[in-house]
1. Among 157, 169, 32, determine the one that fluctuates most according to a GNM of the chain built with springs between C-alpha atoms less than 10 Å apart.
2. What number comes out for the charge environment of residue 67, summing +1 per Lys or Arg and -1 per Asp or Glu over other residues with Cβ under 14 Å away?
3. For the chain, take every pair of Cα atoms, bin their distances at 5 Å starting from 0, and report each bin as a whole percent.
4. Listing 111, 156 from the residue with the fewest other Cβ atoms within 10 Å to the one with the most, what is the order?
5. Sticking with the crude label model, points 7 Å out along Cα→Cβ, report the distance from residue 27 to residue 7 in nm, one decimal please.
6. Roughly how many nanometres apart are two label points built 7 Å out from the Cα toward the Cβ at residue 167 and residue 47?
7. Could you check the spin-label model distance between residue 76 and residue 175? Points 7 Å from the Cα along Cα→Cβ, value in nm.
8. Which whole-number percentage describes the relative contact order of the chain, with Cα contacts under 8 Å and a sequence gap of 6 or more?
Amino acid sequence: MKVIPTNIADVIILEPKIFGDSRGFFFESFNQQAFNKATGLDVKFVQDNHSRSAKGVLRGLHYQIQQPQGKLVRVTQGAVFDVAVDIRKSSATFGQWEGVELTADNYRQLWVPAGFAHGFVVLSESADFLYKTTDYYAPEFERCIAWNEPSIGVDWQYEGEPQLSEKDQHGASLKNAELFP
């Protein structure tokens with residue numbers, strides 16, 4: 001597994017080793033020991049999620065203010081632009097974002113630590129998005145920051161108006177959002 005650092009030290013891109021030939025390919029999509037060794041992290045994943053979305057669907061920027069979730073995300077079909085935003089007030093990178101294109105063809109994964117808001121927009125006709133979380137989903141603690149929050153300034157790498165859920169249409173501004181210390 002190759003670890004690619006980003007501009008935010010806690011957010012990392014992972015590239016698994018792919019074994020392939022004319023018959024197809026094989027790779028370990030997750031191995032706890034390899035993950036811990038490559039990243040230096042000691043996290044435990046408790047839940048796996050799978051979503052499918054159409055082109056232009058934007059989900060985010062989501063987080064849980066209690067029971068915060070670290071997420072290991074990847075795409076198994078299609079392509080997305082995936083974003084992590086540091087919402088830890090005490091962090092040197094507070095309010096900064098990191099984005100990466102995740103595709104079924106590049107096999108990349110993104111580690112989004114607890115204390116970050118997360119979102120993605122679908123670039124292909126559809127995309128299957130899988131993620132592991134370090135805590136269980138707790139809807140009562142789920143929060144949303146506006147996907148187009150000007151003080152964050154995410155460049156979503158998408159032309160046109162995204163499709164948003166009701167919840168995402170009413171995301172909070174960064175200054176009015178509940179944040180991490």
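1. In this elastic network of the chain, the residue with the biggest mean-square fluctuation among 157, 169, 32 is 32.
2. -1
3. 1, 8, 17, 21, 22, 16, 9, 4, 1, 0, 0
4. 156, 111
5. Reported label-point gap for residue 27 and residue 7 is 2.5 nm.
6. Once both label points are built, they end up 1.0 nm from each other.
7. It is 4.4 nm.
8. 29
None of the figures in this text is laboratory data; all of them are computed from the coordinates on show. As the structure is a computational prediction, the values presented were derived from the model and not from experiment. Glycine also receives a Cβ, built like all others from the backbone with ideal geometry; neighbour counts cover every protein chain displayed.
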